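Peer 1: Handing you this structure, nothing more for now.
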Amino acid sequence: MVELVYLLCALTSTGCALLLLRGYFRARSRLLLWSSLCFMGLSANNILLFVDMLLVPNLSLEIPRGIVGLGALLVLLFGLIWEST
Amino acid sequence: MSSDALVFFLRGALALGAAVAGLVFFRFWKRTRDRFFVFFALAFWLLSINWLALGLLAFPTETRHQVFVLRLVAFVLIIVAVVDKNRRA
Amino acid sequence: MSHQVLPGEIQEFLRTTIQSLEQLEVLIAIQRQPKKAWTPEDVAAVVGLPVGIMEESLDGLIAAGLARHLSSASGSPTYCYEPRTPSMGRAVAGLARAYASNRLDIMRLMSTLAIERVRSEAANLFADAFIIQRKKEPGDG
């Protein structure tokens with residue numbers, strides 16, 4: 001049951017990433033590109049969570065997950081601050 | 001740095017990053033008055049609380065904890081934002 | 001704090017109706033002679049900006065409901081000042097008075113608004129990216 005939550009989060013992030021990427025190709029606003037990369041990272045973060053729990057229960061992926069998630073957020077913040085202020 | 005320390009450092013950094021992203025989305029709402037951004041701001045603040053809770057409550061592993069509900073609600077809010085935006089479009 | 005001297009209606013009018021500084025200059029120029037049929041060249045001569053930009057601005061004023069095309073025999077497009085509603089006419093009259101007496105504040109407000117528009121554009125693009133399929137759009141942006 002809990003696994004489904006991670007999967008839902010991963011799917012949502014992937015959907016957001018794809019929509020933002022499509023938006024970037026339409027409007028060429030780099031904010032959309034950075035945001036798309038962020039959601040790809042969040043998607044990877046959620047997929048790693050899923051893998052961590054289901055596939056490799058005895059090995060913790062906490063650190064790779066954290067690094068991927070943090071990278072994703074930093075990319076988003078860079079885009080939000082650089083492109084929109 | 002021990003791996004535990006790194007885990008808590010990462011959770012703190014994630015909490016701060018998500019909080020700031022939420023704040024920027026909130027400002028987008030003030031500029032555009034598009035409630036899409038309210039959902040996004042709330043979603044990122046919930047993610048921030050999620051990582052804050054994991055850090056402060058010092059759970060050794062993220063995968064075993066109820067705090068996950070926060071992450072679920074955050075992503076549901078993003079889905080709500082997108083669905084709502086499409087209904088209005 | 002810098003815009004308090006300008007009446008609220010004028011600020012609102014500039015915010016919602018006037019898209020650019022060129023458009024403002026054109027509006028001020030043509031409202032001085034409401035009966036006149038203007039070609040873009042006439043307006044360019046008064047305002048002192050390129051004809052192409054004048055044409056764009058005049059079309060913008062038509063879209064905003066502040067001017068209309070005149071049917072002209074010669075074929076080249078002519079325009080005249082004609083607010084769609086009396087209240088828009090009053091707003092323009094107020095704006096013209098403020099433009100004469102308090103031009104600096106109007107310029108300040110226009111540049112603030114231009115920056116606001118650029119800023120909210122990025123946000124709007126972000127939100128619009130999430131529209132999966134646009135329903136048919138009958139003239140509604």
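Read the figures in this text as sums done on the coordinates, not as results from a lab. Source: prediction; values computed, not measured. Neighbour counts run over all protein chains shown; Cβ positions are idealised from the backbone, glycine included.
Peer 1: Using only the Cα atoms of chain B, what do you get for the radius of gyration and for Dmax, in Å?
Peer 2: Rg, Dmax (Cα atoms, Å): 14.9, 50.
Peer 1: So how tilted is helix B:3-32 from the main axis of chain B? Cα-based, degrees 0 to 90, rounded to 10.
Peer 2: The helix B:3-32 is inclined about 10 degrees to chain B.
Peer 1: Follow-up. How large is the charge dipole for the protein assembly as shown, taken about the Cα centre, if only the Cβ atoms of Lys, Arg (+1) and Asp, Glu (-1) carry charge, to the nearest 20 debye?
Peer 2: It comes to approximately 520 debye.
Peer 1: Restricting the calculation to Cα positions, tell me the Rg (one decimal) and the Dmax (whole number) of the protein assembly as shown in Å.
Peer 2: Gyration radius and largest Cα-Cα distance of the protein assembly as shown: 26.2, 86 Å.
Peer 1: Any idea what the relative contact order of chain A is, in percent, if you count C-alpha pairs under 8 Å spaced at least 6 apart?
Peer 2: 35 percent
Peer 1: Using the eigenvalues of the Cα gyration tensor, what equivalent ellipsoid semi-axes result for the stretch C:8-127 when each is taken as the square root of five times the eigenvalue, whole Å, largest first?
Peer 2: 24, 17, 14
Peer 1: Cα atoms only: what Rg and Dmax, in Å, come out for chain A?
Peer 2: Looking at chain A, its Cα Rg and Dmax stand at 14.1, 45 Å.
Peer 1: Tell me which DSSP H helices of chain C clear both cut-offs, 20 Å or more of axial length from alpha-carbon atoms and a mean Kyte-Doolittle hydropathy of at least -1.0.
Peer 2: C:86-101, C:103-128
Peer 1: For C:25-38, what's the mean count of beta carbons from other chains sitting within 10 Å of each residue's beta carbon? Show your work: numbers first, answer last.
Peer 2: On the way: counts 0, 0, 0, 0, 0, 0, 0, 0, 0, 0, 0, 0, 0, 0.
Neighbouring Cβ atoms belonging to other protein chains average 0 per residue here.
Peer 1: If you plug each phi of the stretch B:72-89 into the Karplus form 6.51 cos²θ - 1.76 cosθ + 1.60 with θ = phi - 60°, what whole-Hz ³J(HN,Hα) values come out, in order, with x for Gly and Pro?
Peer 2: Couplings: 4, 4, 4, 6, 5, 4, 5, 4, 4, 4, 5, 4, 4, 4, 6, 5, 7, 5 Hz.
Peer 1: Apply the Karplus curve 6.51 cos²θ - 1.76 cosθ + 1.60, θ = phi - 60°, to the phi angles in the stretch A:36-47 and return the couplings in whole Hz, x for Gly and Pro.
Peer 2: 4, 4, 4, 5, 4, x, 5, 4, 4, 4, 6, 5
Peer 1: Still on this structure, I have one more. Towards the positive end of the charge dipole of the stretch C:39-96, with charges on Cβ (+1 Lys, Arg; -1 Asp, Glu), say which of C:58, C:40, C:93 has the farthest Cα.
Peer 2: C:93
Peer 1: Still on this structure, please answer the following. Below 8 Å between Cα atoms, with a sequence gap of 6+, how large is the relative contact order for the stretch C:8-127 in percent?
Peer 2: Relative CO of the stretch C:8-127 lands at 26 percent.
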